[in-house]
Structure formats: structure tokens, C-alpha cells
1. Return the total of residues in the range B:93-107 being assigned to a strand (DSSP E or B) and surrounded by 23 or more Cβ atoms within 10 Å (Cβ to Cβ).
2. Out of the residues in the range A:17-51 that are of a type in the set (Ser, Thr, Tyr) and within 30 Å of B:Ser123 (Cα to Cα), state the one that is modelled with the lowest pLDDT.
3. Kindly indicate whether any position in the range A:202-213 is under 30 Å from A:Leu46 (Cβ atoms) and touching a residue at least 40 places away in the same chain (Cβ under 8 Å).
4. Identify, please: which residue in the range A:170-193 is within 15 Å of the chain's Cα centre (by Cα) and without any contact (Cβ under 8 Å) to a residue 60 or more places away in the chain and is, among those, surrounded by the most Cβ atoms within 10 Å (Cβ to Cβ)?
5. Can you tell me which residue in the range A:59-83 is nearest to the other protein chains (Cβ to nearest Cβ), limited to those that are surrounded by fewer than 24 Cβ atoms within 10 Å (Cβ to Cβ) and more than 18 Å from A:Asn113 (Cα to Cα)?
6. For the range B:122-136, indicate whether the set of residues that are assigned to a helix (DSSP H, G or I) and either surrounded by fewer than 23 Cβ atoms within 10 Å (Cβ to Cβ) or in contact with a Pro (Cβ under 9 Å, 6 or more places away or on another chain) (or both) is non-empty.
7. Residue check, A:Tyr228 against (1) within 22 Å of A:Lys133 (Cβ to Cβ); (2) among the aromatic types (Phe, Trp, Tyr); (3) not in a loop (DSSP other than H, G, I, E, B), all met but one. Which one?
8. Of the residues that sit in the range A:248-267 and are at pLDDT 95 or above and assigned to a loop (DSSP other than H, G, I, E, B), which one is most open to solvent (accessible area, probe 1.4 Å)?
Protein chains: 2
Amino acid sequence: MDKEKFIINAFANSINGDDGAIVDGYCYSKDLFCEDVHFKRSWMSLEQIGAKAMLINISDAIVMNATPKYALLGLSLPKCLNTKQVRALQKGLLDGAREFGVQIIGGDTIADNKINISITIISKVNKKAIFRKGLKKGDLLAFSGKLGESLKGLNILFRGGKLHSKHRFIKPSLRQKFFYDIAKKVRVSMDISDGLNKDLSRMLFQNQLSVKFLKKLDKFSLNSAEEYEILFAFDKKHKAFIQNIAKKHRIKLNIFAKTTTGRYKFYGREHHF
Amino acid sequence: MDKEKFIINAFANSINGDDGAIVDGYCYSKDLFCEDVHFKRSWMSLEQIGAKAMLINISDAIVMNATPKYALLGLSLPKCLNTKQVRALQKGLLDGAREFGVQIIGGDTIADNKINISITIISKVNKKAIFRKGLKKGDLLAFSGKLGESLKGLNILFRGGKLHSKHRFIKPSLRQKFFYDIAKKVRVSMDISDGLNKDLSRMLFQNQLSVKFLKKLDKFSLNSAEEYEILFAFDKKHKAFIQNIAKKHRIKLNIFAKTTTGRYKFYGREHHF
């Protein structure tokens, strides 16, 4: 049984099932970032762990076209951490928040065996929220940046190697300025957290559509999780507009598919982490 | 080192340090409810665990004079739980939410060794929020209901006994209707989660005041944690008004102290759980 899927379905209602929940002009999102599930302590410094926990949560707000404002923290911290270590984790969280103008307004802490970080982000929707649902036949599908590096980095870590502090697996690049600028022309969007193939499947399933690929994507691009690039779609008439904005922000833009009727079949090797 | 205190101080800013954070007419609160920290699985059914996790979070919203509206869940669930068990936990969470008109709008789930529940409650402030700060010299201090049963129940559990499903330790009674009715005359408030003595000390410390007790309280009343009764203060001229509302709602009202200048000295035996 896929327990996460079971639970998500169990709590499903009209509002959730997206990166965040939209209520009264605000977007609320909450993700967990947990030791031995999402990271190992040998892979990253505590400061990097704190910063990544904050960034992956802020990512959810951005892809819904909302500006993150406030954060609530839920921290489980091992008793063995010393003051210096707690301060390092805290610095990462605060720096990650500050980079996006987010204020930490509260939270709760307990002592446990592992570092588990639960973050709730409260964001203000910019004019209109963008959901995963609403895709139309003939829309172009695109993603920002370059995919694959996160999985490659993970493979290095699994082999006992180390990653540079600027490696995407350590510090994702969020594309907020680019995305806010194109938002009015975007039909649907989500962040690529479980890999393009998996996330695209979800989006297509929700919209009961399929795709025709316009280019061949390698297995790294398809299967690399925790990329935090943006998967989005738009009417083909907005292609030049979006290409121009991407150029303005120096963001690589990959228009890789076109939506068609039918049912999408998951392809490529699935990446489980 | 008291790690929780250290972290709370580390993240302190103008907004937090209360049961919830107030921003733009909304109250945001987040508490953790964790196996082997707040409960043992042998003490309560999974349904009771789910319901209590929800209620203790809703309690924070009520004491700030806010009406809880939405919840986000962060669940760590052991892989060994079967579908029936997950459904039981889910039923508890949903029933707890439904009882207060709260809609679960999103969240995240991971597989881990223990049941750790992190809940964020989004509430709408009723006219004006009530904080812990703002106490004045000469104010009367009161708490709702009767304190002590939670600690007595905990002692039974520690001795290997069982508690009735309506026992306060299993299912706290929240006093939302009473509290919303008296709110306009309430100066400061907080819920009693760590025991009257500890929580009162915090409130007095924040307000740089002390108290003169008007009656003697037994050690159970002073030290019982997880009561979720409300500790509040009001100008003595509102005494009759508050007594009347308590009578109307059939809530036992304990006006137990009067604020004075000076520094409060923690008294009685401290209850650690």
C-alpha cells in the first residue's frame, strides 16, 4: 500500500490536492523535511538542512503564484545536538526565510531521535492563484532550468561522495521572479519535487489529458526528484511572451510537450528515494 | 540546557511567544503531538490520539479569541500501521476537526518509526485577539473548570491502568462558547497546557507582575499539565458579568488570585512530563 497516497486520498476534499491550499486570497502549504527520509546528516551541514527545509516549502507557494510571507516551524531535535549545532540549523532556517522575505512567526519544538522539520508557509496570492488543474488540449508544457542534477548529486552521495554547497541537491534554485512575471499567461503549474515523469503524470491524471513529447528527454531529466524547477503549461499563443520573459531573467526554458486527449502512460524508469 | 526554551528564544520576534501568531485578522498556531513525548500508544486508541492532537491545537486558537477554520496536517506514520489503524487515526482527526467546524485543507505524510502529528490551525480572529501580555495591577485571575484530573489520569496510566474515553487526559473539554462570550471583557488569556503554576509563571513574567492568591490550590490543581482549561484575567469591575456568563454556560469559574506588583516566585512542586 502506498501509505502517503492512501492518507492524501483519505483527507481529500475540494481544496487540497495541490502544492498549497488557497483560502480567502492566501495560500497555505506544509511539507515535512525529515532525517533519513529526505536527507542524511552526513550529506549536508545543519545550516544547509535548515535552508533547504525552508526553500522546498517556499517553492510550493511560488508555483501557486503566491508571495510567501510567514512561516511556522515544527522542529523535532535530537537531544545530542549542542548549542552550536542548533544555532547552525537555526541560521539555515532564518537565512532561507530572509532570502524570500519570510518572517518566522511561531512554532513548536520537541526533543526526539531525529531532525524532523515541519514548515507551514502562509503566502499572499498575487492576483490569481495557479493550480494543477485547468490544463487544456493543445497547451504547451514547459519546465524552467535544467533537470537531472539533483539525481546525479544523490548518486554521488550514495557512493559516499560530497557535493558542493551550491549544488542543486543542497540548495535548490527557485524561479520566483520569472514565474511571477509569466503567471498571468500560465494555465497550470506545480514544482518538480518527485521527478518530472511522476509529477507530469499526476498533473495529466488530474486533468484527464495526455501529451505528445516535442523532444526526447534523458532518464535523468525524467526521473530526478527534488529539482524544484517549475512544470507549467500555457496556451501556445503565449509562447513568444514566455520565451521573452525567460530570456529577460536568463532562465533556460524547455518547452517539451503538447497536451493531447487520451490517457498518459508513465514512461522511463521511476526514481524512488 | 532547556532546548525548547533556547529555540523559542532563538526565533523570538515581535509576533510570536503566544499561543498563536496574529497577522491580518488571522491567528496561526502550530503544535506537535508526538508518540513517547506526549502520549504512548498503549494509553489511548488511535482514534483518541487523532482527536486529542486536533483538540490541543484548536485550544490555542480559542484562547486567543479566534474561531478555528482550517487545518494543515503533518503526519509521520510507522510503516507497521495497517489500513484499519490509519483509518482510526484519520477518524479521530476528522471528528476532532468537525466538532469545531474545522476543514482539513492539506498537509504532508511520511513513513517513520513513530506517530508524530504536527497540526497548523488557521483561525479568524473574533473582533479582537487576546494575548498573554497586557495584564494590569489589580486584575483578577481565573481559570475555567476544575484542574487536576489530567495529572491524576497520567498517574493511573503510569501505574499501568486505563482511562475512560471521556477522561480529560484522553479528551480535553474546550470552553469556546463561554470564552467567546466573555472575550470582550478579558484582558489576557492562555490555555493551561503545562500546568497552572508553570503557565501562570510565564504569564506573570511576561507582564512583570506578581499575584496574591485568594484561595489555596492543591498540588494537583497547580501542577496538572494538559488540562486545556483557560487561564485568564479581567478588571475586577467585570467580575459579575463573567460570573453570569459562566453560570449561563454551566462552567465552573475559579477566581483564584489578584495581580500585584513584584516578581512572582514559582511555588509548589513542578510537574515534568
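The values are calculated or read from the model by the stated rules, or taken from the named source; none is laboratory data. For clarity, every value in this text was computed on a predicted model and none was experimentally measured. Note that each Cβ is placed from the backbone with ideal geometry, even for glycine, and that neighbours are counted across all protein chains shown. We work out accessible area using only protein heavy atoms, side chains counted, and drop any ligands, DNA or RNA first. Shrake-Rupley method; radii C 1.70, N 1.55, O 1.52, S 1.80 Å.
1. Result for the range B:93-107: 4.
2. Looking at the filtered set, the residue picked out is A:Ser29.
3. Taking every residue of the range A:202-213 in turn, none turns out to be under 30 Å from A:Leu46 (Cβ atoms) and touching a residue at least 40 places away in the same chain (Cβ under 8 Å).
4. That would be A:Ile192.
5. Ranking the qualifying residues of the range A:59-83, first place goes to A:Tyr70.
6. Scanning the range B:122-136 turns up no residue that is assigned to a helix (DSSP H, G or I) and either surrounded by fewer than 23 Cβ atoms within 10 Å (Cβ to Cβ) or in contact with a Pro (Cβ under 9 Å, 6 or more places away or on another chain) (or both).
7. (3)
8. By that ranking, first place goes to A:Arg250.
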